[in-house]
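A short reminder: the numbers here are calculations on the coordinates, not readings from a lab. Bear in mind the structure is a predicted one, so any value in this text is a computation, not a measurement. Note that we place each Cβ from the backbone using ideal geometry, even for glycine, and neighbour counts take in every protein chain shown.
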């Protein structure tokens, strides 16, 4: 077997057949990390020691014949999941030396399932960005073309899987932060229904939008990962109580007769013509599998970007107030008084993009502006939800592009915020509505991967994963690997 | 202090009451007072990255109890909001509070003025929120310490309408709320530990003015005395300013208890914009009827209702009824004793008399009273049936209190304290005494009625107090032909 392109499912078979041990597998990835990490910069922290002991433990479990799906599987975690005793930075200078005093639910569940965490991945600072260029720890390179960005904010998680520096990773998605980098790096990425996965221990960007999900090499792997990440957690009041289906056991349903909604609005805006052609091609493949394409309209989708860039900054302006230099995190040198301590610690500890969003959010919530901005954005959000409820009364899944273009060059959009924000124009609506959505590889444009976005009804991740898996049974875009970085 | 003629005063209070729950409002950490700094602040209280709040149902229950106690409306759906401001003892940089949909809306309490008249004070709302930590400024000369033990302690902020017209009404209202909170076991009412704190909104206007005047808010008054003093000072300051042709600016002030004055902390112009918005980490709290019914069922009878019941159905004088119903445990004790003995008035006299004075002497609560209502009822029974005299009863009570007696009746029996009502035992004694004191006997017979006491006293002495004085009287009269 080619380990470089192996999936979780394939590695499972190898581990269980004792063709290689979990320790050997871990070593394999760390050798690759040694070789490629200097170029890719996917990791903020490597956890060699804890990974090795987790692998040793996994081997014992495997030897005892008690392995489950993730036992001994090497993964990476976005660096905003707190892991006790481990540096957790959220890509920021503010938390460059912060050691988490407790463990996130997602990390705890994955560790309990026997996954071996190789390290914490690079990301846009506090998950704010679509290119991974706002990280304090330097930009991540797209393994498909290292002069290009991997997308963001889960850019490190995407690049790590795409470059073969782990087999799967965790990401978080607030407006597209799993789906967009998955698309740009040729991966399968799933943002679950809001509340499906616990947010406990996940450093918040925008609480009402943040949702963790898997980034993998196949829909089947995404199903396996999600099974182990999702579920009710009493520590998160917004977490849903519904039982978690065995997603990986429901991937073989024929999609004959499945109603797939196509929203023309996705094809009218900023969408690159070549990408559009490729997406239409993907849609016709679904059609050839027996699905019916039906036009649906999401009339308020055009307002989603504006609403998002009010709500998310508003929430982040409060969420990031705790980083004040008082109890933990970055503190400026020699503060003269309290005001000085605050302004310099925050001024020096946060990067440009974070500061910009805090300012925007603070403004949007200010007396006299609240109704015009935050109040109106919430109204738009309700309308968008209504649009999806309406659409899902007619179709089972909505399909379209994940991003307007393939990966863009490093530095290309860094100077123009609006250009950068337009990266999320197709992904934000699902985030505002809280419905699940995923991106799967749908071809190459000029040698760069692009993604097909599938949006599902509330808590219907199973259908999304099944459609994605069926698509991947007849296409091989997801099996392509990025060229080896120098 | 009298309000100067031509002026009227409007005062509204915001009362912050710490709820007496074991755990904090959004975390499982303990709320105990006085532990080592930061020893009871968990990751949630410290505002660590990635933590989430979780509503403590016990805090909700306390808030509902209060709401029902003031006949307010309980919002079936309430919500939390974030109030944003920076301060070192506010770990998250925002306080979780309730802005648009508080748990309690409306309600009222009745206060008694000094002249005995009653007045209804309206409550605007009561909402749940988390307390902040404490900044300790005398920690080191150039540094401030932060103790986050208090951070996250549940608070109920009770906001009144500006119905209060002077300092004594404000104090009476504050005391009424304090009483209600402790009576309903919503708050421990411990002022010294900061369990209750007041913000007073005060404004003055000419008697003929319709609109309220420009108000000042005096923050963080932590005793009834400071509340009164601050209001006095503030009324005087505002009236003096306006009388001298000055203009008042809306501001927030602090009271200096040493100088007995208030000082401006910030003006309206520099006031913080708290940028309230719905707390996205918490869902709206929906309360079902069964939750409210369960709390209703567990509510004690309120003291006002209880006092009128003591008055009308138990026949107690108004003052006694109010005294006994004023404290929940005292009322419970009295009511138990009244029921067991079947003698409400006698029970009331004992409780407000001997029992209360002994409790006060030893600084005890009624719950710590060493004599149970059952034991007291037995003693009351002995007095009613004339088995013991009133004087003996007091001695027996003392013995019960000190633990020298197991029960009143055994003690009386063992010590031979039964009242002697048997004429055959007393008659010879009287005959003997009249013979021993012929002079006094003659004088008494001649009309010197004071001497009756002399003879009765002698009989009581000879019987160690067990004779029935009434009977001794009758025998004497009969013997002397009076």
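If you project the alpha carbons of segment A:199-259 onto their three principal axes, what span does each projection cover, largest first, in Å?
39, 25, 23
How big is D for chain B, in µm² s⁻¹ as a whole number, if Stokes-Einstein is applied with the Kirkwood radius of its Cα pairs at 10 °C and 1.306 mPa s?
It diffuses with D of about 59 µm²/s by this estimate.
Based on the Kirkwood radius over alpha-carbon pairs, what is the Stokes-Einstein translational diffusion coefficient of segment B:423-480 at 4 °C with 1.567 mPa s viscosity, in µm²/s?
Diffusion coefficient, whole number: 116 µm²/s.
Measuring from centroid to centroid over Cα atoms, what is the spacing of segment A:1-48 and segment A:217-262 in Å?
First find each Cα centre; the distance between them is then 25 Å.
If we restrict to alpha carbons, what Rg and Dmax does segment B:7-291 come to, in Å?
Rg and Dmax of segment B:7-291, Cα atoms, are 19.2, 59 Å.
For segment A:217-300, what is the convex hull volume of the alpha-carbon atoms per residue, in Å³?
With only Cα atoms used, segment A:217-300 gives 171 Å³ per residue.
How big is Rg to Rh over segment A:54-140, alpha-carbon atoms, Rh as the Kirkwood inverse-mean-distance radius?
In segment A:54-140, Rg relative to Rh is 1.07.
Summing -39500 (n - 2.57) over the DSSP H runs of n ≥ 4 in the protein assembly as shown and dividing by its residue number, what mean residue ellipticity at 222 nm do you reach, to the nearest 500 deg cm²/dmol?
Counting only the DSSP helices, I get -11500 deg cm²/dmol.
When averaged across all projection directions, what area in nm² does the alpha-carbon convex hull of chain A cover?
Working: hull surface 85.7 nm².
The number I arrive at for chain A is 21.4 nm².
Quick one: pull the percentage of alpha-carbon pairs in segment B:167-298 with a separation above 19 Å.
Within segment B:167-298, distances greater than 19 Å cover 63 percent of Cα pairs.
Taking R0 as 60 Å, what's the FRET efficiency between residue A:57 and residue A:348 from their Cβ-Cβ distance, rounded to 0.05?
So, using R0 = 60 Å, E works out to roughly 0.90.
Run the quick spin-label model on residue B:318 and residue B:273: label points 7 Å from Cα toward the beta carbon, then report their separation in nm to one decimal.
5.5
What number, in nm² with one decimal, is the all-direction average of the projected area of the convex hull of the alpha-carbon atoms of the protein assembly as shown?
55.2
Quick check of the Kirkwood formula: for segment B:301-414, what is the inverse mean of 1/r over all pairs of different Cα atoms, in Å?
On the way: mean 1/r = 0.0705 Å⁻¹.
Radius from the Kirkwood sum: 14.2 Å.
Find the Rg to Rh ratio for segment B:48-95, where Rh is the Kirkwood radius over alpha-carbon pairs and Rg uses the same atoms.
Here the Rg-to-Rh quotient is 1.08.
Whole angstrom only: what separates the Cα centroid of segment B:197-266 from the Cα centroid of segment A:414-465?
If we compute the Cα centre of each part, the gap is 58 Å.
What number does segment A:3-257 give for Rg over Rh if you use C-alpha atoms and the Kirkwood radius?
Rg divided by Rh gives 0.94.
Would you mind pulling out the separation of the Cα centroids of segment A:326-400 and segment B:314-381, in Å?
Cα centroid of segment A:326-400 versus Cα centroid of segment B:314-381: 61 Å apart.
With a ≥ b ≥ c taken as the square roots of the eigenvalues of the C-alpha gyration tensor of segment A:333-397, please select rounded if a/c is under 1.5 and otherwise prolate if a/b is larger than b/c or oblate if it is not?
Numbers: a/c = 5.75, a/b = 2.54, b/c = 2.27.
Here segment A:333-397 falls in the prolate category.
Kindly express, to the nearest 10 degrees and within the range 0 to 90, the angle between helix B:373-384's C-alpha long axis and the longest C-alpha principal axis of chain B.
30
Of the beta bridges DSSP finds with both residues in the protein assembly as shown, what % are antiparallel, to the nearest 5?
Of the beta bridges lying entirely in the protein assembly as shown, close to 80 percent run antiparallel.
Over 18 Å apart: what share of the alpha carbon pairs of segment A:322-365 falls there, rounded to a whole percent?
Numbers: 279 of 946 pairs.
Percent of Cα pairs beyond 18 Å in segment A:322-365: 29.
Give, as ranges by residue number, the residues of segment A:387-422 whose backbone N falls under 12 Å from the point 7 Å along Cα→Cβ of residue A:253.
From segment A:387-422, the list is A:396-397.
As I understand it, the value is the acute angle between the Cα axis of helix B:289-298 and the longest principal axis of the Cα atoms of chain B; what does it come to in degrees, rounded to 10?
30
Relative to the longest principal axis of chain B, what angle (0 to 90°, nearest 10) does the C-alpha long axis of helix B:469-480 take?
Value to nearest ten degrees: 30.
Rounded to the nearest 5, what % of DSSP beta bridges with both residues in chain A are antiparallel? Don't skip to the end; give the middle numbers.
Numbers: 30 of 45 bridges.
DSSP beta bridges in chain A are roughly 65 percent antiparallel.
For residue B:73 and residue B:482, compute 0.36 nm times the residue count separating them, minus their Cα-Cα distance, and round to one decimal in nm.
Stretched out fully, the residue B:73 to residue B:482 stretch lengthens by 140.0 nm.
Translational D (Stokes-Einstein, µm²/s) of segment B:1-71 at 20 °C and 1.002 mPa s when Rh comes from the Kirkwood sum over C-alpha pairs?
Numbers: Rh = 15.6 Å.
Translational diffusion coefficient: 138 µm²/s.
So if R0 is 45 Å, what FRET efficiency would residue B:212 and residue B:190 give, r being the distance between their Cβ atoms, rounded to the nearest 0.05?
My answer for the efficiency is 0.85.
Restricting to bridges with both residues inside segment A:3-257, how much of the DSSP beta-bridge set is antiparallel, in percent to the nearest 5?
The answer is about 65 percent antiparallel.
What does the convex hull of the alpha-carbon atoms of segment A:268-423 project to on average, in nm²?
Details: hull surface 52.5 nm².
Orientation-averaged projected area of the Cα hull: 13.1 nm².
Given 0.36 nm per residue, what is the gain on full extension from residue A:446 to residue A:19 after removing their alpha carbon distance, in nm?
Extra length from residue A:446 to residue A:19 when fully extended: 150.0 nm.
If R₀ is 22 angstrom, what is the calculated FRET efficiency for the pair residue A:355 and residue A:334, using the beta carbon separation as r and rounding to 0.05?
0.50
Largest first and in whole Å, give the semi-axes of segment A:418-483's equivalent ellipsoid, each being the square root of 5 times a Cα gyration tensor eigenvalue.
Result for segment A:418-483: semi-axes of 22, 20, 6 Å.
So how far apart, in nm, are the two label points at residue A:479 and residue B:136 if each is 7 Å from Cα heading toward Cβ?
Going from the residue A:479 label point to the residue B:136 one covers 6.7 nm.
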